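Here's the structure we're looking at; comments come further down.
The values are calculated or read from the model by the stated rules, or taken from the named source; none is laboratory data. Nothing here was measured: the structure is a model prediction, and the numbers come from that model. Methodologically, a virtual Cβ is constructed for each residue, glycine included, from the backbone with ideal geometry; neighbour enumeration extends over all protein chains shown.
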């Protein structure tokens, strides 16, 4: 029987394959494009998507994250190779932490706060699950952006209209 850590590592690796394909397809001249004034520009959405595996590392290396002490800053990128480097670095850290982790490491609480305001307190395992869910959510957003820009979408959990097979 697989441990929870092994299952999370497998899922991270599977999701990263599609995430990488999506980030590779961002048109270089559309980094500031956004589908609506309330939507994030592609530059911001893609940076967040690329750095999300770092949140898995946070589960193993911290007890909390306080935006009050240090405002949240997205990594900056100028082209797709720089964006993919951000992804690869965050994936490497997440994979290393999961490979060296134990299921009991997932049990302690972890807190996200903004100074005195607690935004959430969840277990470290729930933080990892949250990071994976956020990856899937934001990747789907990026898929909508790319579709609106008429960029072919990769197959994800099955074929896409642009890639009928895996």
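Annotation: of all residues in the stretch 32-53 being within 18 Å of the chain's Cα centre (by Cα) and in a loop (DSSP other than H, G, I, E, B), the one that is surrounded by the most Cβ atoms within 10 Å (Cβ to Cβ) is 52.
Name the single residue that is surrounded by the fewest Cβ atoms within 10 Å (Cβ to Cβ) among those in the stretch 101-128 being in contact (Cβ under 8 Å) with a residue 40 or more places away in the chain and assigned to a helix (DSSP H, G or I). Residue satisfying both the conditions and the ranking: 103. Does any residue of the stretch 66-84 turn out to be assigned to a helix (DSSP H, G or I), crowded, with 20+ Cβ neighbours inside 10 Å and at pLDDT 95 or above? Yes, there is a match, as at least one residue in the stretch 66-84 is assigned to a helix (DSSP H, G or I), crowded, with 20+ Cβ neighbours inside 10 Å and at pLDDT 95 or above. Quick one: in the stretch 85-100, of everything that is closer than 14 Å to residue 49 by Cβ and in contact with a helix residue (DSSP H, G or I) (Cβ under 8 Å, 6 or more places away or on another chain), which residue is surrounded by the most Cβ atoms within 10 Å (Cβ to Cβ)? Within the stretch 85-100, the match that is surrounded by the most Cβ atoms within 10 Å (Cβ to Cβ) is 94.
Does the stretch 8-31 hold any residues that are over 13 Å from the mean Cα position of the chain (by Cα) and loosely packed, with under 13 Cβ neighbours inside 10 Å, and which are they? Step through it out loud before you land on a result.
First pass over the stretch 8-31, keeping only residues over 13 Å from the mean Cα position of the chain (by Cα): 8-10, 21, 24-31.
10, 28, 29, listed by residue number.
For residue 66, indicate whether it is touching a residue at least 24 places away in the same chain (Cβ under 8 Å) and in contact with a strand residue (DSSP E or B) (Cβ under 6 Å, 6 or more places away or on another chain). Taking the combined requirement at face value, the residue satisfies it. Please verify whether the stretch 134-151 includes one or more residues that are more than 16 Å from the chain's Cα centre (by Cα), touching a residue at least 24 places away in the same chain (Cβ under 8 Å), surrounded by fewer than 19 Cβ atoms within 10 Å (Cβ to Cβ) and not in a helix (DSSP H, G or I). Yes, because at least one residue in the stretch 134-151 is more than 16 Å from the chain's Cα centre (by Cα), touching a residue at least 24 places away in the same chain (Cβ under 8 Å), surrounded by fewer than 19 Cβ atoms within 10 Å (Cβ to Cβ) and not in a helix (DSSP H, G or I). Do we have residue 56 as part of a helix (DSSP H, G or I) and at pLDDT 95 or above here? So residue 56 fits the description; yes.
Matching residues to (1) over 18 Å from residue 18 (Cα atoms); (2) touching a strand residue (DSSP E or B) at 6+ places or on another chain (Cβ under 7 Å):
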| site | (1), (2) |
| --- | --- |
| 77 | yes, no |
| 80 | no, no |
| 94 | no, no |
| 119 | yes, yes |
| 145 | no, no |
| 156 | no, no |
